[in-house]
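Throughout, read-outs are computed from the coordinates displayed, never taken from laboratory work. As the structure is a prediction and not an experimental result, all values here were calculated from the model. Here the Cβ positions follow ideal geometry from the backbone for every residue, glycine too, while neighbour counts run over all protein chains shown.
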RNA sequence: GCCCUCGUAGCUCAGCGGAUAGAGCAGAAGACUUCUAAUCUUUUGGCCGCAGGUUCGAUUCCUGCCGAGGGCGCCA
């Protein structure tokens with residue numbers, strides 16, 4: 001059995017079901033990659049036999065789509081892989097294969113190139129034949145069913161309601177939401193979830209900070225600062241009157257805690273919503289304690305033999321699963337440690353039917369990964385499969401080339417709202433999504449606020465707006481796509497643009513598999529550039545005084561297919577696709 | 001000391017083992033009587049941190065070193 005790996009590569013004897021090729025490739029090639037792969041294998045075997053050679057073929061005969069179109073429709077590295085066995089140089093052997101295969105059905109010509117690549121050119125229908133299909137699929141072009149049937153829980157942001165969402169959280173809001181969109185486009189059933197920590201010491205510190213501000217006292221040690229503390233404490237004072245400060249201390253603190261958290265959380269939700277990020281589930285940590293789910297989870301682990309008691313505390317024997325140290329689950333004072341709720345939370349997600357729990361964390365929490373994975377194993381699950389943790393590096397705010405120091409205590413953290421206010425939702429989301437999560441990210445507010453190409457988002461959006469204007473102009477000329485003739489699209493920029501459009505489904509698949517939304521952004525920049533170059537060379541509407549010709553209608557369809565892909569890509573990033581700029 | 005991520009053009013960053021390492025910005029020179037010049041064309045600029053290893057082939061995988069950021073609580 002053969003199955004395709006992204007563009008090319010085929011592995012024999014796989015027990016994986018055959019997956020249909022990305023739409024488009026079949027249409028444009030008379031010879032499918034499977035057939036080509038088999039043809040090469042047969043040719044090489046025959047060639048070896050004729051020469052009396054014993055050959056052991058690699059288990060995989062890779063047939064891949066070359067980056068450079070001049071390198072053929074497909075390319076294989078088989079000659080380089082086998083040359084050593086035969087004692088020939090790869091180019092020489094490649095030429096032998098080329099000669100042998102040159103009369104095969106569907107093959108136009110073969111070339112040996114570079115260190116020994118065999119480039120294969122097929123008799124093909126015009127590449128442009130794919131365009132009507134792209135347009136008719138519209139907003140679903142690029143989607144697939146590769147994750148069909150998978151229930152995924154994507155947890156991200158999950159910032160404590162003790163302050164506004166800072167830049168790191170904002171990065172995850174943008175990337176997480178985009179990732180959810182991309183995974184969904186590939187058939188996954190995704191739930192966006194926000195873990196709402198309304199329990200524990202940080203919340204207490206938040207309450208004391210609010211109370212202190214309201215009563216005009218100094219902020220407590222390890223407390224929170226910043227204008228939002230004043231704002232919220234003022235709102236609480238207004239609601240209850242100054243008398244609240246005279247209540248018994250515990251009672252007053254409880255009011256500041258409960259209402260402060262509620263207000264802060266409402267603010268966070270609003271910021272995220274304004275940012276275009278909506279969660280399906282806000283999960284309250286407190287509910288895990290109240291429902292005894294924490295106790296239940298610990299009991300289950302104890303039954304599995306992974307819990308022990310020492311020094312008056314309850315421990316998870318996480319070292320059994322590769323963690324550096326065993327972890328305290330219930331402290332000796334009887335209070336649950338942070339991880340206790342996480343045990344129950346993970347179990348809860350699995351009980352809700354999720355095959356995969358994906359959690360996005362900042363680099364400052366990466367030390368938490370090992371114990372979470374150990375916990376996953378302790379429940380009898382498979383780390384990396386049932387539980388996946390994505391780590392995102394820090395975001396720096398740059399000013400004049402140096403990072404601005406931020407401190408929660410001093411309240412100098414740059415929140416989501418400030419970023420959005422300065423540069424707008426589109427530029428903010430795009431900037432936070434176009435880099436790999438593995439890279440530290442520097443945000444320069446001044447550069448982002450500029451409406452120039454310091455800001456690639458405008459480059460992409462402008463391309464989209466341009467396609468719409470071209471569409472409108474074509475309509476005023478009465479140009480239609482009814483008489484589409486693929487062979488009329490033969491300019492080199494047209495070939496390039498069509499090739500880019502065809503690439504889109506594969507990009508989405510890779511982005512989804514690797515959990516890397518930035519690949520979509522980078523692709524869109526390339527697509528936009530390819531479009532702009534086409535626009536510069538090929539007109540959709542005739543020059544003044546000239547008649548409308550068949551080529552114009554065919555180009556209009558290419559223009560429309562570009563609109564579709566730009567719009568689909570931008571939507572997956574949560575960035576608007578304006579019709580006019 | 002241990003763990004994670006990063007190190008690619010002057011800057012910000014792409015590059016899921018392949019061919020001549022790319023884009024934007026910045027620098028230089030051009031293109032609007034023609035669908036949006038937020039665009040396009042040409043051009044300058046690289047020991048892909050260093051040293052080994054695996055491979056037919058390494059910027060990519062492995063090991064070590066150097067440098068940057070982050071993390072190593074009965075905190076959350």
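Sorted from longest to shortest, the spans of the Cα atoms of the range A:532-581 along the three principal axes equal 41, 21, 17 Å.
Report, in deg cm²/dmol and to the nearest 500, the calculated mean residue ellipticity at 222 nm for chain A, where each DSSP H run with n ≥ 4 adds -39500 (n - 2.57) and the sum is divided by the residue count.
Values: 20 runs with 274 residues, N = 581.
Value at 222 nm, helices only: -15000 deg cm²/dmol.
Shown is the FRET efficiency for residue A:221 and residue A:394, computed with R0 = 30 Å from the Cβ-Cβ distance and rounded to the nearest 0.05: 0.75.
How long are the three semi-axes of the equivalent ellipsoid for the range A:291-387, computed from the Cα gyration tensor as the root of 5 times each eigenvalue, in whole Å, largest first?
Details: eigenvalues 79, 48, 34 Å².
Ellipsoid semi-axes (Å, largest first): 20, 16, 13.
Taking every DSSP beta bridge that has both ends in chain A, the antiparallel portion is near 55%. Taking packing as the residue-averaged number of other Cβ atoms within 10 angstrom, the listed peptides A:353-361, A:320-328 run from highest to lowest as A:353-361, A:320-328.
Taking the inverse of the mean 1/r over every pair of distinct Cα atoms in the range A:201-274 gives a Kirkwood hydrodynamic radius of 12.3 Å. As an equivalent ellipsoid, chain A spans semi-axes of 53, 34, 19 angstrom, where each value is the square root of five times an eigenvalue of the C-alpha gyration tensor, largest first.
Between residue A:333 and residue A:262, the modelled labels are 2.7 nm apart [label points 7 Å from Cα along Cα→Cβ]. The label-point distance for residue A:103 and residue A:89, in a model that sets each label 7 Å from Cα toward Cβ, rounds to 2.9 nm.
Note on the range A:456-573: along the principal axes its Cα atoms extend 51, 27, 22 Å, ordered by decreasing extent. Here the peptides A:307-313, A:445-451, A:549-555 are ranked by packing, the mean other Cβ count within 10 Å, and the order with the highest first is A:549-555, A:445-451, A:307-313. Between helix A:293-303 and chain A there is an angle of about 70 degrees, using the helix long axis and the longest principal axis of the Cα atoms. Spin-label model, residue A:404/residue A:368: points 7 Å from Cα along the beta carbon direction are separated by 2.6 nm. On the beta carbon distance between residue A:490 and residue A:351, with R0 = 60 Å, the FRET formula returns roughly 0.55. Centre-to-centre, using Cα atoms only, the range A:34-72 and the range A:454-506 are separated by 36 Å. Summary of the geometry: the range A:309-377 and the range A:227-302, compared by the centres of their Cα atoms, lie 23 Å apart. If R0 is 35 Å, the Cβ-Cβ spacing of residue A:472 and residue A:273 corresponds to a FRET efficiency of close to 0.60.
Which length gain, in nm to one decimal place, applies between residue A:202 and residue A:140 when the Cα-Cα distance is subtracted from 0.36 nm times their residue separation? The partial results should precede the final answer.
Numbers: separation 62, 0.36 × 62 = 22.32 nm, distance 4.43 nm.
That pair, residue A:202 and residue A:140, stretches by 17.9 nm at full extension.
The listed peptides A:525-531, A:209-215, A:473-479, A:275-281, ordered by packing as a protection proxy, come out as A:209-215, A:525-531, A:275-281, A:473-479 (highest mean of other Cβ atoms within 10 Å first). Angle, helix A:33-50 long axis vs. longest principal axis of chain A, Cα atoms, 0 to 90°, nearest 10? Here the helix axis deviates by roughly 60 degrees.
Evaluate the Kirkwood expression for the hydrodynamic radius of the range A:486-533, namely the inverse of the mean inverse distance over all pairs of different C-alpha atoms, and round to one decimal in Å. Taking the inverse mean of 1/r over all distinct Cα pairs, the range A:486-533 comes out at 11.5 Å.
For chain A, take the longest principal axis of its alpha carbons; what is the angle in degrees between that and the long axis of helix A:249-274, to the nearest 10 within 0 to 90? Between the helix axis and the principal axis of chain A, the angle is about 20 degrees.
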